[in-house]
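Input: a single structure, listed below in structure tokens.
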Amino acid sequence: MNAILITVLPVFGMIVLGYGFAKAGIIDQVAGKGITLFVFNAAIPALLFKTVATMTPQEGAPWGLWIAFFGGIAITWGITAVIAPRIDGISDGGGSAASMAAGFGNLALLGTPLAFSHFGDKVGVPLGMILSVHAPILWFTATVHHELTRHDAGFSLARTARELFLNLAKNAIVLALLAGAIWRTGGLRLNPVIDKMLSMLADASVPTALFALGLSLAAYSLKGAWTGMFTLIALKMILLPLCVFGLLRFVVSLPPLWSQVAILFAAMPTGANAFLFAHRNDEALAAVSGAIALGTALAAISASVLLYLMDAGML
């Protein structure tokens, strides 16, 4: 348990530090956005490229991992879509914003630092396989869900698919993973200067991501829509990891570490992209905002319990 506290407390301590800096006005919103862009476009891509480019042969392919993780999201998404219209605060728009909040976890700014801090660099491959397609797939699904519930005659599935492809082609994390795989397949070695630069960026990725998360949390509110907020937290942080666990137990077989990464990622609180989607469509804003803020705070406890169960061999 002491080892878990050594992992979890510094992780959430960095989040609190970023939150405090934002609330005190030491770092403003513009600077916070710049730090977040650095994390997404430089630090985490460098970490994933270096991990993939220098990794040893792996135990598995992505298909089983994707079936378990995204299959769990699909089940949770469907359940949310059914119950959302009946719950105050998340009933707008046919439940598309609620489904996005119940499925989209904070993987980049919280899940990735937490996984690397506890398991080490060996999680880079399964982590990257999920992270590289997570946002595009869920944005595509949420957009289709939203448009279908509106019965909008102007909606084009082909246009939406094209936008998904373009987003993938411009995504720094996807490009880093692809470049790392090509580099490794070609048997190339990293120049010492480039290797050192990548290492410096990679070393900055975990603390900077956590600090940036703290900065972003200062913008979210817990006011209003309490029923919807707690419903989203329960769906995202309880139902989704249970669904992924069930699929791992009864449907697919993965190396233990890959299964643990899938469950840990599934249990992460709602991420900022869900708020952006809710804001863009003016749906369930208060509930989604509260689910991000309170869910992140609760994750300090839930992540500790989850890591303890994993270390004890129960998951």
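Please give the length that would be gained between Arg184 and Leu17 if that part of the chain were fully extended, namely 0.36 nm times their separation in residues minus their C-alpha to C-alpha distance (nm, one decimal). Each step should come with its number before you reach the end.
Details: separation 167, 0.36 × 167 = 60.12 nm, distance 3.74 nm.
Result for the pair: 56.4 nm of gain on full extension.
Enumerate the lysines that Lys236 could reach by cross-link, defined here as Cα to Cα under 23 Å, with residues fewer than 8 away along the same chain left out.
Lys223
Given labels modelled 7 Å from the Cα in the Cβ direction, how far is it in nm from Val305 to Ala161?
Those two pseudo-labels are separated by 4.2 nm.
Taking 0.36 nm per residue of separation and subtracting the Cα-Cα distance, what length does fully extending Asp282 through Ile83 add? List each step's numbers first, then the result.
On the way: separation 199, 0.36 × 199 = 71.64 nm, distance 1.92 nm.
My answer for the length gained is 69.7 nm.
Once the Cβ-Cβ distance between Ala297 and Leu242 is put in as r, and R0 is 35 Å, what FRET efficiency do you end up with, to the nearest 0.05? Show your work: numbers first, answer last.
Values: r = 21 Å, r/R0 = 0.60.
The computed FRET efficiency comes out at 0.95.
Taking θ = phi - 60°, what integer Hz values does the Karplus form 6.51 cos²θ - 1.76 cosθ + 1.60 yield along region 75-89, in sequence order, with x for Gly and Pro?
With coefficients 6.51, -1.76 and 1.60, one gets 5, 4, 4, x, 4, 4, 4, 6, 8, 4, x, 9, 10, 4, x Hz.
Of (i) 29, 23, 21; (ii) 75, 17, 16; (iii) 37, 27, 19, which one was derived for semi-axes √(5λ) of the Cα gyration tensor in Å from the structure shown?
Label (i) holds the value from this structure.
Fully extended, how many nm does the chain gain between Thr149 and Ile6 (0.36 nm per residue separation, minus their Cα-Cα distance)?
On the way: separation 143, 0.36 × 143 = 51.48 nm, distance 4.60 nm.
Gain on extension, Thr149 to Ile6, equals 46.9 nm.
What FRET efficiency comes out for Val30 versus Ile194 if R0 is 25 angstrom and r is the Cβ-Cβ distance? Round to the nearest 0.05.
Details: r = 31 Å, r/R0 = 1.24.
Efficiency at R0 = 25 Å is approximately 0.20.
Counting Lys and Arg as +1 and Asp and Glu as -1, what is the net charge of the other residues whose Cβ lies under 12 Å from the Cβ of Ala286? Write down the numbers at each step before the final one.
Details: positive: Lys223; negative: Asp88, Asp92, Asp282, Glu283.
Neighbourhood net charge equals -3.
Can you return the lysines within cross-link range of Lys122? Criterion is Cα-Cα under 23 Å, with same-chain partners fewer than 8 residues away left out.
Cross-link targets: Lys50, Lys196.
No value in this document is a laboratory result; all are computed from the given coordinates. Quick caveat, the model's predicted, so the values are computed rather than measured. Positions of Cβ are generated from backbone atoms using ideal geometry, with glycine treated the same way; all protein chains shown enter the neighbour counts.
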